[in-house]
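The values are calculated or read from the model by the stated rules, or taken from the named source; none is laboratory data. All values reported here derive from a predicted model rather than from experimental measurement. Here the Cβ positions follow ideal geometry from the backbone for every residue, glycine too, while neighbour counts run over all protein chains shown. Heads up: the accessible areas ignore ligands, DNA and RNA and are worked out on the full protein's heavy atoms, side chains in. Shrake-Rupley method; radii C 1.70, N 1.55, O 1.52, S 1.80 Å.
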Amino acid sequence: MGAIHSTERNADAQARLFAHVKGLGLHGAPAIMLDGDARFRTDKEPRMLRLSLEPMPWTTDGYVAADVHARGARSLLVCDLWWRNAAAEGEAYDAYGPDRCADDLAHALRGLALSWQDYADPAVPVAVAGHPIRVLWQPRVERLPPMDGFERRQVTAEIRWFARVAA
Amino acid sequence: MAATLRGRGILSLEVEQARFARSMRAFLDTRAPEVVDLAVRKMAFDVVRETTLAMNGIEVLPKRIDTGRLRAGWRVAMADGGLPTEGLPSSAASQPGDGTAVVGRAGGLARIVTVQNRVAYAGYVEHGTRWMRPGKHLERALRVVRAALPGGATVRAPLLRAWRSA
């Protein structure tokens, strides 16, 4: 099987978004994690943000050059915020914290245009010009019922980019 | 509506707005209620179908099938509302009341279809827990079906004008 272009890799989009969200400086400084991070199941982190990317069908499909096929790729970015409610344990608790953090994140994602990075070598990502990751629709903030002593918010955004496919 | 060839092979499309609006009004007054009803039922079916397909696991989407009861809850709901169920998966684990659906009116031609999956753990599968990531099968299905809706601004604007004056 021939090598596929970085923009065809959902994993590269996820890695880029993960790096971006980590650098945002969100309110409460939640621990940013990917799905499968073991810390998520322990009680050690008081605030956690889990990112996952769910692929959706291609939107457009066509040639941009004789040997280059372009496809409109999109995915659902789900940011799952868990914020320990310390009030239940008689400790000081920032009651507006979860909402502020979720708002920070939704604001940062609104109208996002993020340069693409090739993570073939994860230690040294290489910029790929002309393939920005974009958020065209308004991100959605959802308040979910508390669970396991944590307040929950979910920020969902539709991510789009053009994937380059060898013809 | 008329298509005209002008100048150096440039094709232009002239829309006779008044005539188009008259035709649309006639359509809206007669066949539209039936067509709208059919369209919203079809959309409800498409969303449910896309949701059940996604639950089977597509690409990296998490597969969330054990007994199949939750997935089949969508079929139970569609049947409850008299909506189409062809091709939707069923399960021996299904129980009465696993799903409900209502087709209602919302003023004028507007229709609202409410389809509910009432299986107790549906929320955990859709929104996730600390032990599993959100499935987001329904949210994804809504976006997929919305993106596939035909008719851009070209059709929508004159149609809305005709609808308002109908």
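Tabulated data
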{"quantity": "Residue identified as among the charged types (D, E, K, R) and touching a residue at least 60 places away in the same chain (Cβ under 8 Å) among A:Arg100, A:Arg39, A:Arg50, A:Arg110", "calculated": "A:Arg100"}
{"quantity": "From B:Gly9, B:Gly57, residue being at pLDDT below 80, open to solvent by less than 80 Å² (accessible area, probe 1.4 Å) and on the phi > 0 side of the Ramachandran plot", "calculated": "B:Gly9"}
{"quantity": "Candidate set from region A:48-68 (those that are closer than 11 Å to A:Phe162 by Cα and of a type in the set (S, T, N, Q)); member that is surrounded by the most Cβ atoms within 10 Å (Cβ to Cβ)", "calculated": "A:Thr59"}
{"quantity": "Residue ranges of strands (runs of 3 or more DSSP E) in region A:49-167 with at least 3 members modelled with pLDDT of 95 or more, of a type in the set (A, V, I, L, M) and at positive phi", "calculated": "none"}
{"quantity": "Options A:Leu105, A:Leu114, A:Leu109; residue that is surrounded by fewer than 19 Cβ atoms within 10 Å (Cβ to Cβ) and either of a type in the set (Asp, Glu) or away from chain B (no Cβ under 14 Å) (or both)", "calculated": "A:Leu114"}
{"quantity": "Yes/no for A:His27 being in contact with a helix residue (DSSP H, G or I) (Cβ under 9 Å, 6 or more places away or on another chain), away from every other protein chain (no Cβ under 14 Å) and not acidic (Asp, Glu)", "calculated": "yes"}
{"quantity": "So B:Arg49, is it more than 14 Å from every other protein chain (Cβ to nearest Cβ) and either assigned to a helix (DSSP H, G or I) or modelled with pLDDT under 90 (or both)", "calculated": "no"}
{"quantity": "Verdict on B:Val119 being buried (at least 19 other Cβ atoms within 10 Å of the Cβ), modelled with pLDDT of 90 or more, more than 10 Å from chain A (Cβ to nearest Cβ) and over 21 Å from A:Ser52 (Cα atoms)", "calculated": "yes"}
{"quantity": "Candidate set from region B:77-116 (those that are touching a Ser or Thr at 6+ places or on another chain (Cβ under 7 Å) and open to solvent by 40 Å² or more (accessible area, probe 1.4 Å)); member that is nearest to B:Arg41 (Cα to Cα)", "calculated": "B:Val102"}
{"quantity": "Count of residues meeting criterion [within 16 Å of the chain's Cα centre (by Cα) and surrounded by fewer than 20 Cβ atoms within 10 Å (Cβ to Cβ)] in region A:16-27", "calculated": "8"}
{"quantity": "When residues of region A:28-40 are limited to those that are open to solvent by 40 Å² or more (accessible area, probe 1.4 Å) and over 17 Å from A:Val78 (Cβ atoms), the one nearest to the chain's Cα centre (by Cα)", "calculated": "A:Ala29"}
{"quantity": "Residue match in region A:71-81 (condition: more than 13 Å from every other protein chain (Cβ to nearest Cβ) and farther than 22 Å from A:Ala31 by Cβ)", "calculated": "yes"}
{"quantity": "Test: residue in region B:79-88 that is away from chain A (no Cβ under 14 Å) and within 23 Å of A:Met56 (Cα to Cα)", "calculated": "yes"}
{"quantity": "Positions within region A:6-15 being open to solvent by less than 40 Å² (accessible area, probe 1.4 Å) and modelled with pLDDT of 90 or more, in sequence order", "calculated": "A:Asp12, A:Ala13, A:Ala15"}
